[in-house]
Amino acid sequence: MLEIKDLSVQYGKQAPTIEHFNLSMKKGEIISVVGESGSGKTTVLVYRLGYMIYCKNIMPEKILTLTYTVAATIEMRKRFAGIFGEEMASRLEFRTINGVCAKIIHYCGVRLGIKPYNLIPDEGFKVKLLTAIYQHIQGSYPLESDVQNLITLITYAKNMMLSKKEIEKLGNQEKIKLLEIYEMYNRELSRKSLMDYDDQMVYALNLLKSIPEILEYFQEKYQFISVDEAQDTSKVQHEIIRILGGKYKNIFMVGDEDQSIYGFRAAYPEALLEFEKTYPNGKILLMEENFRSNGEIVVAADRFIQKNTLRHKKKMKAFRPNNNKIRLIDIKTRKGQYKYLEKVVTDCENETAVLYRDNESILP
């Protein structure tokens, strides 16, 4: 049996190890690990995959590991392969939820002899279609920002599984006829036998709910489900995970509601807060020690994040010592900001990063 490295090699004596989780791997092992940034959540998930395979003799083909983006799936697979080898990594599935949904739709098409809808060709197609629909319903030509806002609202409606009433209410808040636009947009896609990326999840969920043999096939295929960055997962995605894991009830997710920044894309961090309600036999484990940043940053960040109201009660502690002090630079104007940064760059002898709020901020 392969000996699994202790995480303390990377993180020190206080690091979370597999033993902390007392994983029995019996039916019904539903765990949510909630931890602050830099606490080692993803590392624990990767080591747990190895533990499942080498210590609990679980077939890797029965494990599905989900994360938010394609880049994140590639990175996680790389991390696993670096520890447990490329051969074993090739037997595991690392996917986005959209990737799994595409697989469900394709399988259903082959099994039932139905040709599934194609994905829309590109974003330009969606922009052109929504521009025409907006003109028709609103009676005016939309700005580029109007169309982008429409795309965001439609994504939000589908991911949050909003009812017609809720979509209408959202449209009233935005002062547009959103429900009419939304319904015409879906009709046009259907007429052209097309779907967008959000439809992939809606259709896959409907297939799992309405066709028992499809659900049974994927429940048997994915008996163990691991989810990274759970705070970025949308409501419809959480529902897909819940249904897929409904038979064997082996669900392991890591995330942190404090780190959720994708609310405009319908991220649903509330799922972490409602975890015990959704899974009455589930367990929530907290990881409160930060191994990434120096003590000064951790103390300041914790003091700030404690202002959040919708969160698990947790307090960040620093593993690293207090090294560099945080300095607050008081600058009155944007021009003054650029002058200060120019001086920093001129005098800089160390590797330095400048973090900025959005892409527009970097243009000057």
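Grab the beta carbon distance between Lys343 and Glu75, set R0 = 45 Å, and tell me the FRET efficiency rounded to 0.05.
After rounding, the FRET efficiency stands at 0.80.
Would you kindly work out the equivalent ellipsoid of the chain from its C-alpha gyration tensor and give its semi-axes, the square roots of five times the eigenvalues, largest first in whole Å?
Working from the Cα gyration tensor, I get semi-axes of 36, 33, 18 Å.
Can you tell me the dipole magnitude for the stretch 184-266 around its Cα centre, using point charges on the Cβ only (Lys, Arg +1; Asp, Glu -1), in Debye to the nearest 20?
I would put it at about 440 debye.
Output the Cα-based Rg and Dmax of the stretch 88-167 in Å, rounding Rg to one decimal and Dmax to a whole number.
Reported Rg and Dmax, both Å: 17.4, 58.
Given charges of +1 on the Cβ of Lys and Arg and -1 on the Cβ of Asp and Glu, with all other atoms neutral, how large is the dipole of the chain about its Cα centre, in debye to the nearest 20?
540
So, taking all protein chains as they sit and a 1.4 Å probe, how much accessible area belongs to Arg187, in Å² rounded to tens?
Using a 1.4 Å probe on the heavy atoms, I get roughly 140 Å².
Could you order Glu123, Glu274 by accessible surface area, starting with the largest, using a probe radius of 1.4 Å?
Glu123, Glu274
Taking R0 as 22 Å, what's the FRET efficiency between Val354 and Gln259 from their Cβ-Cβ distance, rounded to 0.05?
So the FRET efficiency works out to roughly 0.55.
Mind checking the full-extension length gain between Ser163 and Ser210? Use 0.36 nm per residue of separation minus the Cα-Cα distance, one decimal, nm.
So the chain would gain 15.0 nm between Ser163 and Ser210.
Sort largest first and round to whole Å: the equivalent ellipsoid semi-axes of the stretch 210-260, each the square root of five times a Cα gyration tensor eigenvalue.
Taking √(5λ) for each Cα gyration eigenvalue gives 23, 12, 6 Å.
Through the Karplus equation 6.51 cos²θ - 1.76 cosθ + 1.60, θ set to phi - 60°, convert the phi angles of the stretch 157-167 into ³J(HN,Hα) values in whole Hz; use x for Gly and Pro.
4, 6, 6, 8, 6, 6, 7, 4, 4, 5, 5
Spin-label point model (7 Å from Cα, Cβ direction): what's the Ile114 to Asn324 distance in nm?
Distance between the two pseudo-spin positions: 5.6 nm.
Using the charge dipole of the stretch 304-364 (Lys, Arg: +1 at Cβ; Asp, Glu: -1 at Cβ; taken about the Cα centre), state which of His312, Tyr340, Asn323 has its Cα farthest towards the positive end.
His312
Find how many whole Å separate the alpha carbon centroid of the stretch 223-269 from the alpha carbon centroid of the stretch 134-178.
Centre-to-centre distance over Cα atoms comes out at 26 Å.
Rank these by accessible area, largest first, 1.4 Å probe: Met161, Met52, Met59, Met184.
In descending accessible area the options line up as Met59, Met161, Met184, Met52.
Which residue, chosen from Thr65, Ile240, Phe80, occupies the Cα position most advanced towards the positive end of the dipole of the chain, where the dipole is computed from +1 (Lys, Arg) and -1 (Asp, Glu) charges on Cβ about the Cα centre?
Ile240
Beyond a 27 Å Cα-Cα separation, which of these cross-linked pairs lie in this structure: Lys41/Lys313; Lys78/Lys314; Lys41/Lys283?
Lys78/Lys314
Need one word for the stretch 254-340: rounded, prolate or oblate. Basis is the Cα gyration tensor (sqrt eigenvalues a ≥ b ≥ c); a/c below 1.5 gives rounded, then a/b vs b/c decides.
oblate
Post the alpha-carbon centroid distance, the stretch 292-348 to the stretch 34-84, in whole angstrom.
Spelled out, the Cα-based centre of one part sits 30 Å from the other.
The values are calculated or read from the model by the stated rules, or taken from the named source; none is laboratory data. Given the structure is predicted, the values throughout are model-derived calculations rather than measurements. Every residue, glycine as well, gets a Cβ built from its backbone with ideal geometry; the counts of neighbours run over all protein chains shown. Only protein heavy atoms, including side chains, enter the accessible area calculation; ligands, DNA and RNA are left aside. Shrake-Rupley method; radii C 1.70, N 1.55, O 1.52, S 1.80 Å.
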